[in-house]
1. Just tell me which lysines come within less than 27 Å, Cα to Cα, of LYS423; anything on the same chain fewer than 8 places away is out.
2. Return the lysines within reach of LYS344: Cα separation strictly under 22 angstrom, same-chain partners fewer than 8 residues apart disregarded; answer none if there are no such residues.
3. Ordered by residue, what ³J(HN,Hα) values in Hz, to whole numbers, does the stretch 411-416 give under the Karplus form 6.51 cos²θ - 1.76 cosθ + 1.60, where θ = phi - 60° and Gly and Pro are x?
4. What's the percent breakdown of Cα-Cα distances in the stretch 326-444 across 5 Å bins, shortest bin first?
5. Applying 1/(1 + (r/R0)^6) with R0 = 30 Å to the Cβ-Cβ distance of ARG396 and ARG354, what FRET efficiency is obtained, to the nearest 0.05?
6. If the reach is capped at under 19 angstrom between alpha carbons, list the lysines near LYS292, excluding any in the same chain fewer than eight residues apart.
7. Could you tell me what percent of the accessible area of the stretch 326-424 is made up of carbon and sulfur, with a 1.4 Å probe and every protein chain present?
8. Between GLU20 and ASP46, how high is the FRET efficiency from 1/(1 + (r/R0)^6) when r is the Cβ-Cβ distance and R₀ = 30 Å? Nearest 0.05.
Amino acid sequence: MTVMTYSRLAPYRRLADNLEAATNRRDEIGADAIRDLLPELRDAVDAINAAIHEADELLFRGLRDEALGFHDPDLFIIAARINLQNHLHWPSIQVWLADYDVAELPYIDTCAISMMETAQRELESFSRGIDRLRRMALEHAPISQKIEVLRSMRYHDPTKQVWVTNLTSHEDARLVELRAAIQRALQNADFDMLVKLHVELVNPDWEAKIPSELVVASRGAEVAVTLRNITLRAESLAQDIETRHAASNEFTHLHCEELVDLRQRLEECASVAKECMSQLQDCPMVLSIVTKQGLHSVIEKIYLRLALAFEWILVCENLHRTRATFAIECCQLEYLCDHMPDKKSESKWITDVRRSEAEVQRCCQELDDLVFRELLQERLRKATGSIKSREDLRLRFVIISAVAGVLLLGSITGFFGWMYWIKTEHYNAVALLQVAVNDAQLGGYLDRPEEVVLYAGSYPTDATVTK
């Protein structure tokens, strides 16, 4: 291993100065100078890369302090200076070198340099932590603050067991303090302090083993804080409801909306309080304090206290709901009268009219001051009459069509029946005549039978009968 001391870096400093001077010229003389410096630059880059890799190997083995102190700190500064690819104006420098056919420049291993720079920043942070620990020791700082610094030291220097040992000893002392603090907080019903202590106990950064009884004793404090705040809010809402109820002389829409909103917010508080009590069933220590303070029954007492006010709010709400329904349904009837339906939607239109009309009449029955306007009723009668006229006209058309169809069917049936009868009579006449002809040929008749004369006269144009 070759240690890059301050004196050994002197040639590389001069090389960096010459490179900077040449690149600043940006002309043919500068390009010739860089071309002449290339052999020296290659040797310098190889030597600096080898030195950086040696330090990086120590860093990889966990020897951060040794890696950072192995070479002179100027090594990394000089490496950045001779690495022209890292120059701010490298694109223009690259074009300039290409114009003068300067060979490709060697590269410094910037990845290894980046690792060393990261290690240097960690060491600086680590050094600040040590200084802070020394100052805390002199100032007799609380154990909890020292624990924070020691955890930071353990994070930045995980290979040193000394930090784990010191952290564990400090955490053991802190657990003794926490046990006493939790007892005081439970005795004083200080839920806010219990929340802070519980958050500290459940922190995953502890090295020491946390006693489970401390976690159980402080568990649920944040729920108790929520319950306490909810009860305070519920009490404030109850006072607002009582004040507005006492000052109310008559029903107004705005007054009703305000009271209904207050009641809904109180119901939300009751729901949250119920959920908090459900969660506290697994937190016996905190639950006993909540029960002792009566926080579990605050909402119930408020509901009992506001029973009359809630009844009044319900009446007020029903009143204004009825008025709102009356106004909405009247508007709906006006709309239906203005928009007559087509044939396909007549049934739905009539159903909507009947429903809205029934709602309006119900509202008028509930409140005497509501009146179903005569003008609107007249419009409804005309609209429904028009729809009924359409239906009657269609019904008459259907009846007439049905009667005509029946008559036509009867006529057709009679015609075909008559034709069938004619053919039957003709067939019978021919058969009878044939029998008479046969008998006559055998000498059975002296005169023509009356049937033969009758049938012969009935079918004078029929060739079969004449024959």
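The values are calculated or read from the model by the stated rules, or taken from the named source; none is laboratory data. Nothing here was measured: the structure is a model prediction, and the numbers come from that model. Counting neighbours? That spans all protein chains shown, and the Cβs are built from the backbone with ideal geometry, glycine included. Note: areas computed on protein heavy atoms with side chains; ligands, DNA, RNA excluded. Shrake-Rupley method; radii C 1.70, N 1.55, O 1.52, S 1.80 Å.
1. Once the sequence-local lysines are set aside, what remains near LYS423 is LYS467.
2. LYS382, LYS388
3. Whole-Hz 3J(HN,Hα) from phi for the stretch 411-416: 5, 4, 5, x, 5, 5.
4. Calculated P(r), rounded to whole percents: 2, 9, 12, 11, 8, 6, 6, 5, 5, 4, 4, 4, 4, 4, 3, 3, 3, 3, 2, 2, 1, 0, 0.
5. Result of the calculation: an efficiency of 0.80.
6. Once the sequence-local lysines are set aside, what remains near LYS292 is LYS274, LYS301.
7. On the stretch 326-424, the fraction of accessible area on carbon and sulfur atoms equals 66 percent.
8. E between GLU20 and ASP46, to the nearest 0.05, is 0.90.
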